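The structure under discussion appears below in the form of structure tokens.
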Amino acid sequence: NRTLSTPETEPFAHILDGSFLLLNLEPKDIDHEQQEHDYGYLSYQRHVVLGLDEVARLVDVVASELGTRALTTPFIFSTLALDVSASLVRRLVRSFLETWTGGIDAERRWREEARLAGPHELGMCIRWGLARVVRIVGGQAVRGLIAWDHYTEFRDSEATQNYPPKHFSTFLPSLPSTLRSILLTLLSLLIRFTAHSASSGHTPPTISPLLRPLLFGLGPATLAFHTYIHYLRAINATEHLLLSFIRWQSTSDLGVPTRLKEWIRSYLSTLPALHHSGKHERPQARSKHCCKLGTSVAWTWASGVKGMGKDCPTFAQTASKILRSIQEAYGPTVPCAPVHRAWCRSGICD
């Protein structure tokens with residue numbers, strides 16, 4: 001989890017460890033000489049902090065819209081989508097924020113904007129909302145919905161119990177009730193995308209890199225290479241949670257569609273990085289022969305670069321060419337410095 005870029009962490013010392021900050025719409029005082037430009041789609045209104053209740057409202061509305069009319073749309077959460085508009089994303093975000101400042105009709109206007117918004121703008125809006133959550137850990141403000149230690153306890157207990165199909169249910173009880181609701185709504189939407197992957201292209205390996213920083217943060221503020229290590233391990237963790245959730249849903253009376261069953265038929269073999277990784281062991285990307293993760297990593301890297309160069313078409317086109325070269329030649333090998341720089345400029349690691 002990355003520490004917020006503020007010199008003052010003492011104000012958080014009295015807040016209970018693991019707590020989430022409440023809604024805060026007030027902008028921070030910024031030295032204009034040190035003010036950085038916003039890059040990408042997630043940096044708009046970067047000063048805003050959303051509490052879990054506010055994020056739950058946003059996720060419920062946006063997930064409902066996406067689940068109704070966008071399950072077969074490719075690139076929902078990716079900046080590679082040609083149809084995504086930064087101005088429309090900002091308009092959607094403004095409409096949501098005005099529900100606290102815009103009067104009695106603001107909620108109706110927000111829901112109307114969501115109903116009329118395009119699927120790619122909705123996807124960026126849900127990512128923006130998740131990126132605005134702040135947790136307190138050790139007296140410091142950090143990003144990410146889920147504590148890494150909470151995940152590793154879940155991962156290790158699943159292995160100890162020989163991977164029971166319903167083990168995902170043990171991941172939820174100790175989480176705040178609102179966070180449980182957010183995760184269930186989000187994961188339910190993601191597996192619906194996966195069920196339509198023949199049309200949408202959304203699968204656990206391609207979705208995980210796009211949402212991973214929002215679920216687990218970016219790790220401590222350190223060298224870009226270490227950021228890339230945190231990136232790799234949390235991609236595996238996000239994909240693991242999604243596949244485990246599918247297994248859990250498959251045990252219900254209604255079960256899951258056949259396409260989802262295919263993803264969990266060989267559950268253990270889909271999680272190669274989890275079998276021999278200790279808690280502090282360096283994670284490994286999948287081999288070149290397993291292109292799913294490599295493609296996901298490259299897509300996320302190119303998405304960040306395209307966001308950085310959205311106002312320069314030549315730069316964006318160059319990034320797309322580099323993406324293709326990486327996918328063809330190196331599979332999961334991605335330069336860690338561009339990954340770190342693109343994320344930092346997208347507003348995820350303010």
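The values are calculated or read from the model by the stated rules, or taken from the named source; none is laboratory data. Not measured: the values here are computed from a predicted model. Glycine gets a Cβ as well: all are built from the backbone with ideal geometry, and neighbour counts include every protein chain shown. Surface accessibility is based on the protein's heavy atoms, side chains included, excluding ligands, DNA and RNA. Shrake-Rupley method; radii C 1.70, N 1.55, O 1.52, S 1.80 Å.
For this structure, a couple of remarks:
- Taken together, 127, 69, 143 contain a single residue that is among the charged types (D, E, K, R) and farther than 23 Å from residue 191 by Cβ, which is 143.
- Residues in segment 58-101 that are closer than 26 Å to residue 146 by Cα and without any contact (Cβ under 8 Å) to a residue 24 or more places away in the chain: 64 only.
- Residues of segment 132-141 that are open to solvent by less than 10 Å² (accessible area, probe 1.4 Å) and either assigned to a loop (DSSP other than H, G, I, E, B) or out of contact with any strand residue (DSSP E or B) (no Cβ under 9 Å at 6 or more places or on another chain) (or both): 132, 133.
- Single condition residue 86 does not satisfy, out of (1) open to solvent by 30 Å² or more (accessible area, probe 1.4 Å); (2) under 22 Å from residue 214 (Cβ atoms): (1)
- Taking the listed residues 94, 108, 46, the one that is modelled with pLDDT of 90 or more and within 21 Å of residue 214 (Cβ to Cβ) is 94, with no other qualifying.
- Set side by side, the residues 266, 200 differ, and just one is under 17 Å from residue 123 (Cα atoms), more than 14 Å from the chain's Cα centre (by Cα) and either at pLDDT below 90 or buried (at least 21 other Cβ atoms within 10 Å of the Cβ) (or both), which is 200.
- Segment 229-257: number of residues that are open to solvent by 10 Å² or more (accessible area, probe 1.4 Å) and over 14 Å from residue 270 (Cα atoms): 14
- Neighbours by Cβ (under 8 Å, 6+ apart or cross-chain): first from segment 111-125, closer than 20 Å to residue 42 by Cα and in contact (Cβ under 8 Å) with a residue 24 or more places away in the chain; second assigned to a loop (DSSP other than H, G, I, E, B) and aromatic (Phe, Trp, Tyr): 120/75; 123/77; 124/41; 124/77
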